1. If you add up the charges near B:Pro419, with Lys and Arg at +1 and Asp and Glu at -1, over every other residue whose beta carbon is less than 15 angstrom from its beta carbon, what do you get?
2. Once all Cα-Cα distances of chain B are split into 20 Å bins that start at 0, what whole-number percent is in each one?
3. For peptide B:164-176, what's the mean number of Cβ atoms from other chains within 10 Å of each residue's Cβ?
4. Write out the trypsin sites (Lys or Arg not before Pro) in the stretch B:392-499 meeting two conditions: DSSP loop, and at most 11 other Cβ atoms within 10 Å of their Cβ.
5. Rounded to the nearest 5, what % of DSSP beta bridges with both residues in chain B are antiparallel?
6. Which distance in nm do the two modelled labels at B:Glu478 and B:Glu404 give, with both placed 7 Å along the Cα-to-Cβ direction?
7. Hey, which of these cross-link pairs are over 29 Å Cα-Cα: B:Lys116/B:Lys486; A:Lys71/B:Lys116; A:Lys85/B:Lys230; A:Lys2/A:Lys56; A:Lys71/B:Lys230?
8. Taking 7 Å along the Cα-to-C-beta vector as the label spot, tell me the A:Glu50-B:Thr49 distance in nanometres, rounded to one decimal.
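The values are calculated or read from the model by the stated rules, or taken from the named source; none is laboratory data. No experiment lies behind these values; they were computed from the predicted model shown. Ideal geometry is used to build each Cβ from the backbone, glycine not excepted, and the neighbour counts take in all protein chains shown. Quick note on the areas: whole protein, heavy atoms, side chains included, nothing else; ligands and nucleic acids left out. Shrake-Rupley method; radii C 1.70, N 1.55, O 1.52, S 1.80 Å.
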Amino acid sequence: MKPGTKLKSAVCDTEVMVIRGSDASVECGGAPMVDEKPAEPGALDDAFAEGTAMGKRYVDEAGSVELLCVKAGKGSLAIDGVILKTKDAKSLPSSD
Amino acid sequence: MNIFLLLQMAADAGPDRVGLVCDGRRWTYGELAAAARGAADVITGAGCTHVALLDESSAAAPIALFGAALAGVPYVPLNYRLADEDLGALLARVAPACVIGDVARAERLNADGGHKLFTREAFLEAAEAAAEGASGEEREGEGIAAQIFTSGTTAAPKAALLRHSNLLGYILGTVDFMSADEDDAQLVCVPPYHIAGISALMSSIYSMRRIVMLPAFEPDEWLRLAADEKVSNAFVVPTMLARIIERMEAGVEADLSSLQSIAYGGGRMPPELIERALALFPETNFTNAYGLTETSSTIALLGPEDHRTAFASSDPAVRARLGSVGRPLPTIELEIRDEDGKVLPAGERGEIYVRGEQVSGEYRERSALDAEGWFPTRDAGWLDADGYLFLAGRADDVIVRGGENISPGEIEDVLDSHPAIAESVAVGVPSVEWGEAVGIAVVIRPGHERPSDDELKALIKDRLRSSRVPERIAVVDELPYNEMGKLLRRQVRAMFQDS
């Protein structure tokens, strides 16, 4: 996954942009993410249904993958079945 | 990666929310994104290599910035204050470009550049006309979002390149998406050709803080807009803040009760000016931001709590932090190194090096990054024991007297502590004996007697050492600054060359 690549959920409205990528395959709502949305969304896995939030960044434990959620949805982002955590933005005063 | 994403996300989340107020028109995020998509098609259709803005700030600036981004063409805001000869040379370097703004001047200065010329109005009209049915196609191009010409003090200006990845790294690392309240408004008054003018657009749009644009800075107009638009945030350079305070003290009235935060940067803030400002705006949060064009804006900042703590402290070391630029952003690495590249401990002066996603350090001609990705800023500075960064001038400003390196900052700090001296500058002056020696120019505080040369020399000798004692002393009415508040040391040096 090249930085800048956009991925879409196959089961919900979630869309992400890859900030930092690896060879890992990203899942959303229990199903692998895709380049083009299927005509009919698949079924959302209840174990991966915490939802995504627009503007949040998601990372894996090793920090090798970072995704920016550009469209929110009902599924959870995961790699190999492990749910990704949100990366908290540093709380900084506005400087521009 | 493409910075257009920032505007697209704002438009997706709040299409009808007002994102920009300029010249009496209110643009929603939806309208801005649509116009930028239209602009991208106009730019692609024109077949140009750059998009050059030769104009004051207006809605055309963000629309050209994001339109150029989508079209995969670098956005190049040009300094319209440059002399004809210098501006003509820059136009030739970006030819053929879509030039937006002062088309008559572009035509006169670079007629054979093959430029496509748009007045501001023509560009906005074309962009909005093309908005409906715009392709919205994202082109990668060279991956360069902006090209900004440095001011070029000794040689031709360098073309600093900021990639989409640099600018996105900066914004995503420092700004929370949609974190602004719907009433928040940011007064943008820095020129569009300055990096702060670009970063202000991006961070305001991503936080969804309404941009209130002042086409060119003027203190009374700044006060009027701040009150009328209930502005909550503003960025100023120190000279702008001085002029705003002067007008307020002269009786210009403005209701600034909405103003929560003032950020400043772009030049050295005189300690007495920030102390006056803190007293005049006790409820306002002040943030000092330090950054360079080559670092996509801010790399260190002194936040509101730091200001209040320093202002209230009787501990000289804590109080001194008002004169620092705060601590490095957590998203970058920063080191102070000596001339041999060795990392220096706290308290020692050297050159500031930075590394991080937002750090470009790349010019059209070459990259200034070292093999490990560190950018030598050419700014001199030091860190205190708690990690606060103090600037000590440009590395190029160092005075070399008989092989000994002297930082102008240490001499200026001592001079500024004299009650009769409002401002001072130390530069290298030609010396037969030493090659270079210290020359100082000072501005006397109104109502004070001019201190004798001997008194000033004794002050330096006592507080520093004899090699720092000035050989030449000039008293001037004011020091030369550019419009961004940068002290023009070369003009001071020239003053000593001539006399």
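1. Summing Lys and Arg as +1 and Asp and Glu as -1 gives -4.
2. Going from the shortest bin to the longest, the percentages are 22, 55, 22, 1.
3. Mean inter-chain Cβ contacts per residue within 10 Å come to 4.
4. B:Arg465
5. Counting only bridges with both partners in chain B, antiparallel ones make up about 60 percent.
6. A separation of 3.6 nm, rounded to one decimal place.
7. B:Lys116/B:Lys486; A:Lys71/B:Lys116; A:Lys85/B:Lys230; A:Lys71/B:Lys230
8. 5.0
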